[in-house]
Amino acid sequence: MAMDHRGLNAFLAIARLGSVGAAASALSLTQPAVSRTLRKLEQDLGVQLFLRHSTGMELTAFGQSLLPHATSLETGLHRALEEIDLLRGTSKGSARVGILPSLVPDILPIVLNRVRLKLPGIQLHIVEAPNHQLTRALLRGEIDFALAAAPPDLTEDNIRVTPLVNDEICIVTRAAHPIAKKKSPTQKDLREYSWALQERGGLIWRRFQTLFANANLDLPPVTLTANSIQTLKSVVVSSDLITMLPRMSIWSEEKNKILRPVPLSAARWKRQLAVLRRPNAPVLPVVTLVLTEFRKALTETATSDHSTQVLARAALP
């Protein structure tokens, strides 16, 4: 059956906002109008999409199943309208980019400035998120491409991975940290200080645990956890806290002798940065332009830093 766009809009608004009232306000409709639209959609599908509670609306199993497909349809429609505006000359185009938080401080400003010079009217929509969230956003069609760590165990046929550069994950302190006086610091030395780390469960947290487990040492105290690279850098710059970060995320601070990686070979690991794309998705010229500029910025940063290695030099499709 064909899904009416009004039913699609009502369903998505209720699913996202949690109530008919909030959805009606967002859609500039009355609550009865939204309720009738939803009721018609449920009748057409022959299933109940929401459980009605006094506190709001909850998706049923049928609603949960419909949600990613409805989101994909909505995204496709918006993209089609953007393409039409681009062909009519009424839009300079837009690109939706997923990016790891560690690439935002230095890489994103470079790309933004270059893209705006070449296409002043462009609109960039940036989704900053960890790897698994970027992968889901890509599969749902919410972003055109993602700059992420290449998933080592990716089994998804709908994602194409193009390697770009290798980046290093290392221990980081402020440049004047007391541990900088040691020529060859050890895990035992590092254990004497408190740490600030990304939230538990991620790659860096696992590396942190492995570092001290390999030396048969208990973990040092973790004073602060944060999901923001900028927050971690800020607290480390102004204290004796130690952190663990991708080397590319401290490129500017290391260059200006504000932060420094700790010279401990047992505490350095490589991660492969890559472009993640949907292989059969149409690519607008503006998206190709943005992707090319991201690739250039990453390559330049990599070649200016011995901690990174360029993996792919050919122009990306």
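A few remarks follow.
- If you check Leu259, Leu219, Leu273, Leu197 for being in contact with a strand residue (DSSP E or B) (Cβ under 9 Å, 6 or more places away or on another chain) and closer than 15 Å to Arg174 by Cβ, only one passes: Leu259.
- Pick from the stretch 230-259, criterion touching an Asp or Glu at 6+ places or on another chain (Cβ under 6 Å) and outside any helix (DSSP H, G or I), ranking: nearest to Arg200 (Cα to Cα): Pro246
Each reported figure results from applying straightforward, stated rules to the coordinates on display, with no laboratory input. Since the model is a prediction, treat every value here as computed from it, not as a measurement. FYI the Cβ positions are ideal-geometry reconstructions off the backbone, even for glycines, and counts take in every protein chain you see.
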